[in-house]
Amino acid sequence: MESVSYQRFPKIKIREMKDDYLKFELRETDASVANALRRVMIAEVPTIAIDLVEIEVNSSVLNDEFIAHRLGLIPLTSERAMEMRFSRDCDACDGDGQCEYCSVEFHLRAKCVTDQTLDVTSKDLYSSDHAVIPVDFSDPSDPNEPSDNTETQRGVIIVKLRRGQELRLRAFMYEPEIHINEDLMETLTLEEKLSWIESSPTRVVVVDPEAYTYDDEVIKKAEAMGKRGLIDIRAKEDSFIFTVESTGAVKASQLFLNAIEILKQKLDAVRLSDDTVEADDQFGELGVHMRGG
């Protein structure tokens, strides 16, 4: 009996890429792999966030818990996150979360001494690690970016202080497949062909099928012309389009690469586990393939 190969070689096609946005197509694989990648990107790629807040002085109108919650929502640059340890697993500080391997400390000191309202923002947070800082949403390369002292350059507002009010704290971060009926297409006149193509808002049914976004206008037009079945639009079962948006803590491209690395680690854990070895008799060739045999 010939051995059956379950191995597939997925391919990636990048459609658009920016620091905080990535659109790509995952080809020649099945829904289980695409869904696993999606779930890892959503829930398992580590990022850094403020987890513990010690309020020293707070005479603002917001209570301590509200400020702590706002601090936890501020995105922090997280390039180091993959190499850091969870505080509960750190053997350098016995899980106290007070060492460079598992935590970063932030300080904030702000006091309003004038009659003008003082905005305390994420840019007032000073980090003990220059690689872990609040995300800067301003774009210096953009010629349309406003000048100094604008909303985008002040950072995320934490609280507003009036004269005499003060805040001091420490914080720790612990795709479609298109089939055109060529026989029916030959029955159309040039005018009918142009009229049918113009019915598609995206105008890409023939020119660029991969860029086509499903709409039923071309189907309705074909039916109105008495050419039912002229075009058949179905989803490609082995192609998936991903749109990834990042908060800025990690570049979207890096988030994708980190997700791939985590998924590989999970597959290695399954491949090498004792349970997988014991299942070989049950699953035969598939079990051996999972272990790299």
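Worth pointing out:
- Among strands (runs of 3 or more DSSP E) entirely within region 28-129, having at least 1 residues that are open to solvent by 50 Å² or more (accessible area, probe 1.4 Å) and within 30 Å of residue 265 (Cα to Cα) singles out 52-58.
- Scope region 12-38; condition over 18 Å from residue 236 (Cα atoms) and touching a Ser or Thr at 6+ places or on another chain (Cβ under 8 Å); matching residues: 17, 19, 20, 21, 22
- Close pairs from region 93-104: first closer than 21 Å to residue 78 by Cα and modelled with pLDDT under 75, partner not hydroxyl-bearing (Ser, Thr, Tyr) and not in a loop (DSSP other than H, G, I, E, B), Cβ under 9 Å, at least 6 apart: 95/88; 95/89; 97/52; 97/88; 97/172; 98/105; 98/172
- Tally, over region 147-162, of residues that are open to solvent by 60 Å² or more (accessible area, probe 1.4 Å), part of a loop (DSSP other than H, G, I, E, B) and either more than 25 Å from residue 53 (Cβ to Cβ) or at pLDDT below 60 (or both): 3
- Test: residue in region 181-203 that is at pLDDT 60 or above, under 30 Å from the mean Cα position of the chain (by Cα) and either surrounded by fewer than 17 Cβ atoms within 10 Å (Cβ to Cβ) or in a loop (DSSP other than H, G, I, E, B) (or both): no
- Residue match in region 36-53 (condition: at positive phi, touching a strand residue (DSSP E or B) at 6+ places or on another chain (Cβ under 6 Å) and at pLDDT 85 or above): no
- Whether a residue is open to solvent by 60 Å² or more (accessible area, probe 1.4 Å), more than 24 Å from the chain's Cα centre (by Cα), closer than 29 Å to residue 49 by Cβ and at pLDDT 70 or above was assessed, and residue 168 passes this test.
- Residues of region 130-145 that turn out to be modelled with pLDDT of 85 or more and open to solvent by less than 70 Å² (accessible area, probe 1.4 Å), as a count: 4
The values are calculated or read from the model by the stated rules, or taken from the named source; none is laboratory data. Every value quoted in this text rests on a predicted model; they were computed, and no experiment measured them. Note that each Cβ is placed from the backbone with ideal geometry, even for glycine, and that neighbours are counted across all protein chains shown. In case anyone asks, the SASA skips ligands and DNA or RNA and just uses the protein heavy atoms, side chains included. Shrake-Rupley method; radii C 1.70, N 1.55, O 1.52, S 1.80 Å.
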